[in-house]
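The values are calculated or read from the model by the stated rules, or taken from the named source; none is laboratory data. Since we're looking at a predicted model, the values are computed, not measured. Please note: Cβ atoms are built from the backbone with ideal geometry, for glycine as well, and neighbour counts cover all protein chains shown. Only protein heavy atoms, including side chains, enter the accessible area calculation; ligands, DNA and RNA are left aside. Shrake-Rupley method; radii C 1.70, N 1.55, O 1.52, S 1.80 Å.
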Amino acid sequence: MTKTVNHWIGGKTVEGASGNWGPVTDPATGAVTTRVALASAAEVDAAVAAAKEAYATWGTSSLAQRTAVLFRYRALLDARRDDIAALITAEHGKVHSDALGEVARGLEIVELACGITTQLKGELSTQVSNRVDVASIRQPLGVVAGITPFNFPAMVPMWMFPLAVACGNTFVLKPSEKDPSAANLLAELAAEAGLPDGVLNVVHGDKVAVDALLAHPDVAAVSFVGSTPIARYIHTTAAANGKRVQALGGAKNHMLVLPDADLDAAADAAVSAAYGSAGERCMAISAVVAVGAVGDELVAKIRERAEKIVIGPGTDPVSEMGPLITKAHRDKVASYVTGAAAQGAEVVLDGTGHTVEGYEDGHWIGLSLLDKVAVDSDAYRDEIFGPVLCVLRAETYEEGVALINASPFGNGTAIFTRDGGAARRFQLEIQAGMVGVNVPIPVPVGYHSFGGWKDSLFGDHHIYGNDGVHFYTRGKVVTTRWPDPADAPSGVELGFPRNH
């Protein structure tokens with residue numbers, strides 16, 4: 001029997017009223033398992049109204065009250081890790097261990113939010129002029145919204161709303177309609193932890209819901225993670241409507257491998273970073289740049305490891321990689337591999353014909369490895385978002401860096417080398433927001449901020465960490481002058497003790 005996912009508004013489940021529903025499939029079987037309500041503009045209005053009403057009290061609540069809720073929330077999330085991960089596997093398809101890792105990374109930001117008291121401390125300068133003090137404080141924005149992608153249906157929402165509500169805002173979340181169930185469970189657990197009704201709301205939907213949030217006069221800020229074209233649209237539209245925006249876009253993350261690198265370690269890293277989560281992550285390594293004569297040996301080592309990866313349903317503990325999210329996405333990813341040879345690439349591994357016995361209708365694709373890829377080819381230029389790794393060749397370090405810096409994307413990058421001087425040069429010269437040195441996926445821990453450069457980020461603030469706190473608050477400066485009690489008119493008693 002198909003289950004139904006409805007909205008979560010004002011602390012309770014609200015049935016979809018638009019009459020529009022979207023299908024949610026199990027990627028391992030291809031079967032439609034769920035229908036999800038697709039919100040109308042009126043339903044978005046209702047969620048924003050609930051958030052606005054809740055802000056009247058939550059925005060002035062004490063830090064002690066907020067953090068007490070967040071500590072309870074963290075405990076509930078920890079206790080329900082497996083349940084959240086199971087929903088991710090059922091609707092996204094990633095293997096259970098990968099889904100658990102996603103929940104753990106989201107928990108990092110909840111833990112950061114539990115310590116929000118130190119992040120919200122202001123500054124004070126005394127006696128800047130005669131009897132004049134100046135204080136800087138940070139205050140919440142009001143109602144803020146988050147629009148999140150299918151590839152991390154629990155982690156990315158947790159990158160947003162815990163910090164937002166810890167700062168005193170209320171939140172409207174619009175998760176991907178492809179895998180919506182995890183978001184509802186996150187909201188239900190927040191209510192169980194004591195988060196007041198309306199502080200966190202979840203509306204499901206498509207472009208209608210997105211556009212309603214972007215245009216809504218009561219939404220002060222919008223956070224987004226997704227593809228670059230949509231990030232650009234979100235940024236342009238929301239900013240035109242006077243909103244603060246952080247819109248994280250796509251990526252083409254490169255890994256530079258120098259001749260002195262440990263090639264076994266580099267090959268291990270390339271396989272895990274390129275094919276983990278079936279390549280459906282914005283921090284995947286999708287391009288390896290081999291410098292000098294190491295290319296052939298490196299490609300051979302990558303191939304040897306890739307051929308051993310076990311592909312199967314995420315519920316099978318033996319599986320190391322699951323299916324792709326939809327059949328349409330699977331077919332698009334496959335098209336880059338089938339067209340690669342005609343554009344000059346050497347197809348070392350072709351995973352487009354892969355199937356899994358007993359799950360023939362699933363959205364399966366195997367691991368693909370393309371060597372000697374040209375920079376003007378489709379496989380290199382586009383964000384494929386699947387298990388396809390491109391290998392490019394460069395004669396020198398300088399040529400490799402120039403190649404990477406020429407990419408319009410600047411999300412993450414990595415260098416593999418034993419040379420500290422080369423690594424230091426790389427981290428200073430490379431044009432990307434996140435850099436790994438012998439680390440293939442340099443996703444920062446929660447108390448640093450995540451974000452790219454160039455076409456990988458639209459807006460001024462990265463997500464979570466200090467940037468996240470600054471995004472969800474605005475600064476205010478208060479200049480104060482008080483008269484000195486000694487200057488008070490004679491005969492007035494101000495209550496100060498007379499000690500001498």
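The residues of segment 94-131 that are of a type outside the set (Val, Ile, Thr), within 19 Å of ILE311 (Cβ to Cβ) and more than 18 Å from the chain's Cα centre (by Cα), listed by number, are HIS96, SER97. Inside segment 162-179, residues that are at positive phi and part of a strand (DSSP E or B) make up a count of 0. Looking at segment 100-113, is at least one residue in contact with a strand residue (DSSP E or B) (Cβ under 8 Å, 6 or more places away or on another chain) and at pLDDT 95 or above? Taking every residue of segment 100-113 in turn, none turns out to be in contact with a strand residue (DSSP E or B) (Cβ under 8 Å, 6 or more places away or on another chain) and at pLDDT 95 or above. Here the condition is being among the acidic types (Asp, Glu) and more than 18 Å from PRO175 (Cβ to Cβ); of ASP45, ASP26, it holds for ASP45 alone.
Considering only residues in segment 126-161 that are of a type in the set (S, T, N, Q), closer than 12 Å to ARG481 by Cα and in a strand (DSSP E or B), the one that is most open to solvent (accessible area, probe 1.4 Å) turns out to be GLN127. From the list GLY30, GLY22, which one is of a type in the set (Gly, Ala, Ser) and under 24 Å from VAL208 (Cβ atoms)? Being of a type in the set (Gly, Ala, Ser) and under 24 Å from VAL208 (Cβ atoms) holds for just one of GLY30, GLY22, which is GLY22. The test for being in a loop (DSSP other than H, G, I, E, B), over 30 Å from GLY358 (Cβ atoms), open to solvent by 10 Å² or more (accessible area, probe 1.4 Å) and modelled with pLDDT of 95 or more does not hold for PRO229.
Considering GLY410, GLY459, GLY436, the condition of being touching a Ser or Thr at 6+ places or on another chain (Cβ under 8 Å), within 25 Å of ARG232 (Cα to Cα) and either among the hydroxyl-bearing types (Ser, Thr, Tyr) or buried (at least 16 other Cβ atoms within 10 Å of the Cβ) (or both) is satisfied by GLY410 alone.
Counting the residues of segment 50-71 that are of a type in the set (Lys, Arg) and surrounded by 21 or more Cβ atoms within 10 Å (Cβ to Cβ) gives 1.
Could you tell me which numbered condition GLY353 fails, if it satisfies all but one of (1) in contact (Cβ under 8 Å) with a residue 24 or more places away in the chain; (2) assigned to a loop (DSSP other than H, G, I, E, B); (3) small (Gly, Ala, Ser)? The single condition GLY353 does not satisfy is (1).
The requirement of being within 26 Å of ILE441 (Cα to Cα), under 21 Å from the mean Cα position of the chain (by Cα) and buried (at least 17 other Cβ atoms within 10 Å of the Cβ) is satisfied by SER223. Filter segment 352-372 down to the residues that are surrounded by 22 or more Cβ atoms within 10 Å (Cβ to Cβ) and either over 13 Å from ALA341 (Cβ atoms) or not polar (S, T, N, Q) (or both) and list them by number. Passing the criteria: GLY362, HIS363, TRP364, ILE365, LEU367, LEU369, LEU370, ASP371. Inspect segment 72-79 for any residue being more than 30 Å from VAL208 (Cα to Cα), open to solvent by less than 20 Å² (accessible area, probe 1.4 Å), modelled with pLDDT of 95 or more and not hydrophobic (A, V, I, L, M, F, W, C) and give the result as yes or no. Yes, segment 72-79 has at least one match. Reported count of residues in segment 191-220, each being surrounded by fewer than 24 Cβ atoms within 10 Å (Cβ to Cβ) and more than 19 Å from GLU177 (Cα to Cα), is 11. Restricting attention to segment 125-156, the residues being more than 30 Å from ALA90 (Cβ to Cβ) and not small (Gly, Ala, Ser) number 14.
Among residues of segment 421-436 that are modelled with pLDDT of 95 or more, those with a Cβ under 8 angstrom from a residue that is open to solvent by 80 Å² or more (accessible area, probe 1.4 Å) and part of a helix (DSSP H, G or I), sequence gap 6+ or separate chain, pair up as VAL435/GLN427.
Which residues, counting only those in segment 211-226, are in contact with a Ser or Thr (Cβ under 9 Å, 6 or more places away or on another chain) and either in a helix (DSSP H, G or I) or among the acidic types (Asp, Glu) (or both)? Answer for segment 211-226, where residues must be in contact with a Ser or Thr (Cβ under 9 Å, 6 or more places away or on another chain) and either in a helix (DSSP H, G or I) or among the acidic types (Asp, Glu) (or both): ASP211, ALA212, LEU214, ALA215.
Among residues of segment 81-110 that are within 14 Å of VAL156 (Cα to Cα) and in contact (Cβ under 8 Å) with a residue 60 or more places away in the chain, those with a Cβ under 7 angstrom from a residue that is crowded, with 19+ Cβ neighbours inside 10 Å and basic (Lys, Arg), sequence gap 6+ or separate chain, pair up as ILE88/LYS94. Within segment 417-426, the set of residues being surrounded by fewer than 15 Cβ atoms within 10 Å (Cβ to Cβ) and within 21 Å of ALA270 (Cβ to Cβ) comprises ARG418 only.
Residues that are closer than 22 Å to GLY312 by Cα, of a type outside the set (S, T, N, Q) and open to solvent by less than 60 Å² (accessible area, probe 1.4 Å) within segment 1-41 comprise VAL24, ASP26, PRO27, ALA28, GLY30, ALA31, listed in sequence order.
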